[in-house]
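Every read-out reported here was derived from the displayed coordinates using simple, explicitly stated rules and does not represent laboratory data. What you are looking at is a predicted structure, and each value in this text was computed from that prediction instead of being measured. Don't worry about glycine lacking a Cβ; one is built from the backbone with ideal geometry, like all the others, and counts go over all protein chains shown.
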């Protein structure tokens, strides 16, 4: 948590941006796993945590957009709560810790919403992304669940505010990256024949938990990097495999997230082809990182990184023709079928629950319908204070190759006979978190090995 003035300042800015009406920000409730008292690990709503700071279930915040007055709704701890959970702060003390003076029990929120609506005031809410949250919000507003309409004014105000990270937010992302860096170094040391994907991922998660953190999203770790979201299974790693690990951690106490991807050669040595593809991806990442400058369209940064991939694959004999023309046609997406990156913050895909198009696109930049580029999560302009992931990749996906080859798609740019000889390589993705500044972009966090010789040295140290 930050100082109470941080949250008060955020709320004041939000109230001013929205201007009129009552802003309602429900926190998340505990989610039962198989019965009410056995719950999943709690994850607070990002918007609630940004404006109210509290990481506990059963809370809600209302903010008067005209007066700036905030009220926190929740229960005071009961004796039973103390028996099962230990000493707990009162609702008033929790409110004071985030600069809120007024508190009320949960049921009072419905009364306040009804009073606002009777007075002809707009009640502003954000899009619900959990079924239980939608039902709760529908009951609060007195509408059917499918009739819950989020406030465009509130969504736009929240997006504009949360995209720009303050120095203290950046510091928290770097705290998360300190943990993530150790997780990835551990994974590289464990990239040895005979270990399973689950074993490596489990030790990464255990490291995070031991540091008072936890993974910022379910760990992706696989010897089949061509599966973009390949979660760990019982498969044993084999010498010569490429192990892809896409994992991050959260900063203890604040919840700000990190998101990093690395590849490691199982046993300690990249093959010539593996090394060549890693170098292509590193070249594209360098272009992407350098492009993260204030005022740039992230769509254009993605395009330039894609051209670098086409150039690199052309040099390896996998693509042909003019790289710029190949990317314009979408031929590169056979190897790079996703976007270059996304915003980072309290959510690892920052604010994606508000709607990916609402966060990542606007009247200036519309989402592409072209395969590959259509998966670019963020295309609009980036500005000072934005934190973006930069994560290009090259993948040899058999099903995609088979489909495109059968129809002769982009045959003028794709050398299918040579591509067939590279099947089985898997996939390479390399990802860092980048701060947009007034000058050159800054890669956040400690250095995490990513160049082939550096990675090989770490893998061999664990043999």
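Checking the a/c ratio against 1.5 first, then a/b against b/c, what shape does the Cα gyration tensor give for the range 380-461?
Oblate is the answer for the range 380-461, as a/c is 1.5 or above yet b/c matches or exceeds a/b.
In whole Å, what is the distance between the alpha-carbon centres of the range 1-40 and the range 281-306?
The range 1-40 and the range 281-306 have Cα centres spaced 34 Å from each other.
Note down the Stokes-Einstein diffusion coefficient of the range 1-117 in µm²/s, whole number, using a Kirkwood radius over alpha carbon pairs, 10 °C, and 1.306 mPa s. Please list the in-between numbers first.
Working: Rh = 14.9 Å.
Using the Kirkwood radius from Cα pairs, D works out to 106 µm²/s.
Treat each spin label as a single point 7 Å out from the Cα along the C-beta direction, and report the residue 122 to residue 3 distance in nm.
Taking the simple label geometry, residue 122 and residue 3 are separated by 3.3 nm.
Quick one: if you stick a label point 7 Å off each Cα along the C-beta vector at residue 144 and residue 296, how many nm between them?
Each label point lies 7 Å from its Cα, and together they span 4.8 nm.
Whole angstrom only: what separates the Cα centroid of the range 242-271 from the Cα centroid of the range 136-178?
Measuring centre to centre over Cα atoms gives 27 Å.
If we count other beta carbons within 10 Å of each Cβ, what is the order of 177, 228, fewest first?
Listed from fewest to most nearby Cβ atoms, that is 228, 177.
For the range 304-343, what is the per residue volume of the convex hull drawn over the alpha-carbon atoms, in cubic angstrom?
Roughly 63 Å³ of hull volume per residue.
Quick one: Debye curve from the alpha-carbon atoms of the chain only, equal weights, vacuum; give me log10 I(q)/I(0) at q = 0.07, 0.08, 0.11 Å⁻¹ to two decimals.
Each listed q maps to, in turn, -0.40, -0.52, -0.93.
Under 1.5 on a/c is rounded, so check that first for the range 156-243, then, if it is not, pick prolate when a/b is larger than b/c and oblate when it is not; a ≥ b ≥ c are the square roots of the alpha carbon gyration tensor eigenvalues.
Details: a/c = 2.95, a/b = 1.96, b/c = 1.51.
Since a/c reaches 1.5 and a/b is larger than b/c, the shape of the range 156-243 is classed as prolate.
Round to a whole angstrom and tell me the spacing of the C-alpha centers of the range 371-407 and the range 97-125.
Cα centres, the range 371-407 to the range 97-125: 42 Å.
At 7 Å along the Cα-to-beta-carbon direction for both residue 398 and residue 384, put a label point, then send me their distance in nm to one decimal.
5.2
Could you state the angle between the C-alpha long axis of helix 108-118 and the longest principal axis of the C-alpha atoms of the chain, as a value from 0 to 90 degrees rounded to the nearest 10?
80
Counting other beta carbons within 10 Å of each Cβ, put 64, 398, 45 in order, fewest first. List each step's numbers first, then the result.
Details: 64 18, 398 11, 45 24.
Ranked by crowding around the Cβ, least crowded first: 398, 64, 45.
Mind checking the angle between helix 452-461 and the chain's longest principal axis? C-alpha axes, 0 to 90 degrees, to the nearest 10.
Its long axis makes an angle of about 80 degrees.
So, R0 is 35 Å and r is the distance between the beta-carbons of residue 199 and residue 13; what FRET efficiency does that work out to, to 0.05?
Details: r = 46 Å, r/R0 = 1.33.
For R0 = 35 Å, the calculated efficiency reads 0.15.
If one takes the longest principal axis of the Cα atoms in the chain, at what angle in degrees, from 0 to 90 and to the nearest 10, does the Cα axis of helix 131-141 lie?
Approximately 30 degrees, to the nearest ten.
For a Förster distance of 45 Å, can you work out the FRET efficiency between the beta-carbons of residue 35 and residue 463, rounded to the nearest 0.05? Don't skip to the end; give the middle numbers.
On the way: r = 46 Å, r/R0 = 1.02.
With R0 = 45 Å, the Cβ-Cβ based efficiency is 0.50.
Quote the FRET efficiency, to the nearest 0.05, computed for residue 442 versus residue 66 with a Förster distance R0 of 35 Å and r equal to the Cβ-Cβ distance.
For residue 442 and residue 66, the calculated efficiency is 0.35.
Can you sort 261, 9 by how many other beta carbons sit within 10 Å, fewest first?
On the way: 261 23, 9 14.
Fewest-to-most ranking of 261, 9: 9, 261.
What does the extension gain come out to for residue 235 and residue 114, with contour length at 0.36 nm per residue minus their alpha carbon separation?
Residue separation times 0.36 nm, minus the Cα-Cα distance, leaves 38.0 nm.
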